[in-house]
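Accompanying notes for the structure given below.
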Amino acid sequence: MTVCENIEKIKKEIPSSVKLLAVSKTKSIEMMEEAYKKGIRDFGENKVQEIMKKEESFHKDVRWHLIGNLQTNKVKYIVGKVYLIHSLSSIKLLRQIEKEFGKVDQIAKVLLQINIGREESKGGILLEELDLIINEVEECKFVKVNGIMVIIPKGDEDSNRQCFKKTKDVFDELKEKSFNNIEMEILSMGMTQDYKTAVEEGSNLIRVGEGIFGKRDYSIGGEKDE
Ligand SMILES: *Cc1c(COP(=O)(O)O)cnc(C)c1O
């Protein structure tokens, strides 16, 4: 199937209220152009370097989403370039974002990345760390939290669903409370293998890579990072 056909298929499967983020990591500008022609304006990348390169040579009206692990020393490069950072995962990173965006008086929009499966190999905030980072967000001047992002552990449909449910509960709980600088609007969960389940469990933003662009080839350079 072509990129166009894939996008049509996915759009039919999800309600119009769910945003489709096209994850274009490792994929060429030419392939992204096909998605753009189908109306996609939100693109997800997991590497700062790749966003910077593509941003220069692609349409100016697209929104770039950083979905991968963000190192503190790279925050300065994305100021003014990225629409939404999905991967706020530590207080250290929060402080760096506050500092770099503050320098140019801009607001960073971020999602709290939750490590729902408590996997050591994955980034993200553990539930018991949530209060601490929220306290710190409330003190920020240049950071707004817009919701939650989750990458769930590999598993079958049942265990996926449990993880999504758990994340949705956290989302709803925070939504009911009132915090400075926190507005629970976006629930970023679901990828190629599990987006249907994620949407059933309340996701309103799915991040789809291979389901749109086909298999990724990491042998061309760049290492796997998930
Ligand atoms: C690569 C990636 C995706 C997309 O994964 P697919 O399986 O290709 O849909 C989604 N979210 C994150 C954080 C990723 O790194």
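Every number in this text was worked out from the coordinates using simple rules, so none of it is lab data. Source: prediction; values computed, not measured. Here Cβ is always computed from backbone atoms with ideal geometry, including for glycine, and neighbour counts include all displayed protein chains.
Here are the numbers for the structure shown:
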| item | result |
| --- | --- |
| 18 Å Cα-Cα threshold exceeded, pairs from 25/196; 27/53; 25/154; 9/166; 19/109 | 25/196; 25/154; 9/166 |
| Cα-projected label distance for residue 200 with residue 141, points at 7 Å along beta-carbon direction, nm | 4.8 nm |
| Restricting region 84-188 to trypsin sites (Lys or Arg not before Pro) in coil, as DSSP defines it, with at most 15 other Cβ within 10 Å | 118, 141, 154, 177 |
| In range of the label at residue 172: residues from region 1-25 whose backbone nitrogen is under 19 Å from the point 7 Å along Cα→Cβ | 18 |
| Estimated 222 nm signal from helices in the chain, with DSSP H stretches of n ≥ 4 weighted -39500 (n - 2.57), rounded to 500 | -11000 deg cm²/dmol |
| Region 3-212: C-alpha gyration tensor shape, a/c 1.5 cut-off, then a/b vs b/c | oblate |
| Net length gained if the chain between residue 71 and residue 121 were fully extended (0.36 nm per residue, minus Cα distance) | 16.4 nm |
| Point-to-point label distance, residue 56-residue 180, nm (Cα→Cβ direction, 7 Å offset) | 3.9 nm |
